[in-house]
Amino acid sequence: MSRLGAPMFSPLGFVARAALIALAYFTARALGLPAYTSVLSGTSPTGNPTDYLSLAAGCAYVVLHFLFILGVPILLLAAGLLALALRHSRQPDR
């Protein structure tokens, strides 16, 4: 059992982790972190090139964005496929 209340490799575990990533992503968007992604082009959103907090915020948002765009659909598909496989394996042979 993990801290999320479901085994890591289970349909519920995959859905819980996808929800956690989505919650983190939408929280980052609500905090305005997309504005800090200008660090990817080599510019500072605050005008101060030594502002490491904006650099960290921009990098954190980019990581969350890619996790949300790539990781969440993969986790949800894996949860569905694993649920189908588990249901099929529990049925008695006919």
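A short reminder: the numbers here are calculations on the coordinates, not readings from a lab. Bear in mind that the values here come from a model prediction, so they are computed numbers and not experimental data. Methodologically, a virtual Cβ is constructed for each residue, glycine included, from the backbone with ideal geometry; neighbour enumeration extends over all protein chains shown.
Tabulated results
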quantity: Leu53 versus Leu40: modelled label distance in nm, points set 7 Å from Cα along the beta carbon direction; calculated: 2.4
quantity: Value of Rg to Rh for segment 11-90 (Rh from inverse mean 1/r over Cα pairs, i.e. Kirkwood); calculated: 1.21
quantity: Mean residue ellipticity (222 nm) of the chain, computed from DSSP H runs ≥ 4 via -39,500 (n - 2.57), nearest 500; calculated: -19500 deg cm²/dmol
quantity: Trypsin sites (Lys or Arg not before Pro) restricted to segment 1-66 and DSSP loop, no more than 13 other C-beta within 10 Å; calculated: Arg3
quantity: Relative contact order computed over the chain (Cα-Cα under 8 Å; 6+ residues apart), in percent; calculated: 35
